[in-house]
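Structure first, then comments.
The values are calculated or read from the model by the stated rules, or taken from the named source; none is laboratory data. Treat the numbers as computed from the prediction; the structure is a model and nothing was measured. Please note: Cβ atoms are built from the backbone with ideal geometry, for glycine as well, and neighbour counts cover all protein chains shown.
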C-alpha cells in the first residue's frame, strides 16, 4: 500500500509539471520549471512511464492503480506534446521562412526526433576583447567557412536578464553552434540598470558595432554584414538599435522580447514573477509620463520604417509569463504594415528561454529558423 501511494504521488507530481506545457506557470512557481517541462519533456516522460510500468506490474487496489495509470498517461501525453507541436510547426517552417526572406539551404530538417536526447558540449575557440572602458565581448571565430579566413558575417549577441543582470557568457554553447556553421559571433556585455539606465545600453551596443567594424580585418569579419540577435531584454535592445538605419545591420533577431515600452509599462505589475514595474522604473527612470522620449527611443516598434528597417525574425512562446507573447505579435503587425520582410514563429508550448536546450523542441526550431534567416539576409 505504501509503494502504491508513493507511485501515485510521483505520478501526480509528474502530471503537475507536465501541465506547464499547457498553462502559464503560476507566479508562485519558478518559471524555469516551465522550461524544464517544455524543452526536456521527452526525457522527463520516462519518469511517469516507469511509474506506469511499476504500477501495472505490482499489486494493490484497483482504484489506486487506475488513478495512477490515468495520471501517468496524462503526464506522458503532455510531456510529449511539445514534440508533436514542434514537428507540426517544423513542417511549415521552410515555406514560412522562404516567403518572408527568400530561399536558403539550411541543410538539416527543422525538427528531428533523433536529436532530442543528444547533447553537444560547447567547444571551439573564444577570444575576449575590450571594446569600451569596462566592457568586453567574447568573439567566436567562424571556422566552418567554405573558404578559410574569408570574411564572415557576424552575429552580435545581446544577452537577456531584465536589464539589471546577465552577461555575455549566457548560453555560450549556442554561440559555438553558430560559429560551427560559419558565422562569426560577438557576444557582448553592456552596462546594467539601475546604475546605468537607458540609453547606456544603446550606446554600448553601438560602441561594440563600431569596434567590430574597426577590427574587422583582423577578426576576419565582413563589416557590412552584421546581424543583431537578442534574448528577452536583449531583444528589446536589438530592435531599438537595429532599427536606427545602419545599412551594415542586415537583420535583427529577437526572442521573447518587448518592443513597445509604453505598452510594456501598461501590462507590467509589481506582483508578477519579475516585479516588472520595478524593472521598468530602474531602466527608463519611471512611468512613460515625463519620460516620453526615453520610452520612444527604447521602443523598436516606434522606429519601424518602410525601406529602412532591416528584415526581422521574431520567436516567442505562447505561454511565456515573463514577456507576454503580444509584444512580438504587435511588432509583427507593425512590420507587416510597413512591408518589412519578417517572420514570427510562435511556439504554443513554450515559456521564456525555450532555446536553452539546443536539441529540444524550441532549440531545434530556433536553430533552423536562425540559420535560414542568417543565410538569406547575409548572402
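Return the residues of segment 341-360 that are over 13 Å from the mean Cα position of the chain (by Cα) and crowded, with 21+ Cβ neighbours inside 10 Å; say none if nothing qualifies.
Of the residues in segment 341-360, the ones over 13 Å from the mean Cα position of the chain (by Cα) are 341-343, 348-349, 359.
Once the filter is applied, which keeps residues that are over 13 Å from the mean Cα position of the chain (by Cα) and crowded, with 21+ Cβ neighbours inside 10 Å, segment 341-360 yields 342, 343, 349.
Do we have residue 193 as crowded, with 24+ Cβ neighbours inside 10 Å and either in the same structural domain as residue 360 (by TED's automatic domain parsing) or within 14 Å of the chain's Cα centre (by Cα) (or both) here? Before the answer, list the steps.
Details: crowded, with 24+ Cβ neighbours inside 10 Å: no; either in the same structural domain as residue 360 (by TED's automatic domain parsing) or within 14 Å of the chain's Cα centre (by Cα) (or both): yes.
Against the criterion (crowded, with 24+ Cβ neighbours inside 10 Å and either in the same structural domain as residue 360 (by TED's automatic domain parsing) or within 14 Å of the chain's Cα centre (by Cα) (or both)), residue 193 does not qualify.
Output the residue which, of all residues in segment 295-324 that are in contact with a strand residue (DSSP E or B) (Cβ under 7 Å, 6 or more places away or on another chain) and in contact (Cβ under 8 Å) with a residue 60 or more places away in the chain, is farthest from residue 365 (Cα to Cα).
Kept after step one, since they are in contact with a strand residue (DSSP E or B) (Cβ under 7 Å, 6 or more places away or on another chain), are these residues of segment 295-324: 310-318.
With in contact (Cβ under 8 Å) with a residue 60 or more places away in the chain added as a condition, the list becomes 310-317.
Numbers: 310: 22, 311: 19, 312: 16, 313: 12, 314: 12, 315: 10, 316: 11, 317: 12 Å.
The qualifying residue farthest from residue 365 (Cα to Cα) is 310.
May I ask you to verify whether residue 329 is surrounded by fewer than 16 Cβ atoms within 10 Å (Cβ to Cβ), closer than 17 Å to residue 256 by Cβ and over 14 Å from the mean Cα position of the chain (by Cα)?
Working: surrounded by fewer than 16 Cβ atoms within 10 Å (Cβ to Cβ): yes; closer than 17 Å to residue 256 by Cβ: yes; over 14 Å from the mean Cα position of the chain (by Cα): yes.
Yes; evaluated as a whole, the condition is true for this residue.
Just to be sure I understand, how many residues within segment 214-233 are in contact with a strand residue (DSSP E or B) (Cβ under 7 Å, 6 or more places away or on another chain) and on the phi < 0 side of the Ramachandran plot?
Of the residues in that region, 11 qualify.
Condition first: closer than 18 Å to residue 240 by Cβ, within 24 Å of the chain's Cα centre (by Cα) and not in a helix (DSSP H, G or I). Now tell me which residues in segment 261-307 satisfy that.
268, 298, 299, 304
What is the number of the single condition among (1) in a helix (DSSP H, G or I); (2) farther than 30 Å from residue 379 by Cβ; (3) in contact with a helix residue (DSSP H, G or I) (Cβ under 9 Å, 6 or more places away or on another chain) that residue 86 does not meet?
For residue 86, the exception is condition (2).
Considering each of 148, 197 in turn, give the residue that is at pLDDT below 95 and assigned to a loop (DSSP other than H, G, I, E, B).
Details: 197 fails: at pLDDT below 95.
Result of the check over 148, 197: 148.
Here are 291, 342: which of them is assigned by TED's automatic domain parsing to the domain that holds residue 236, more than 23 Å from residue 369 (Cα to Cα) and in contact with a helix residue (DSSP H, G or I) (Cβ under 6 Å, 6 or more places away or on another chain)?
Values: 342 fails: more than 23 Å from residue 369 (Cα to Cα).
Criteria check complete, one pass: 291.
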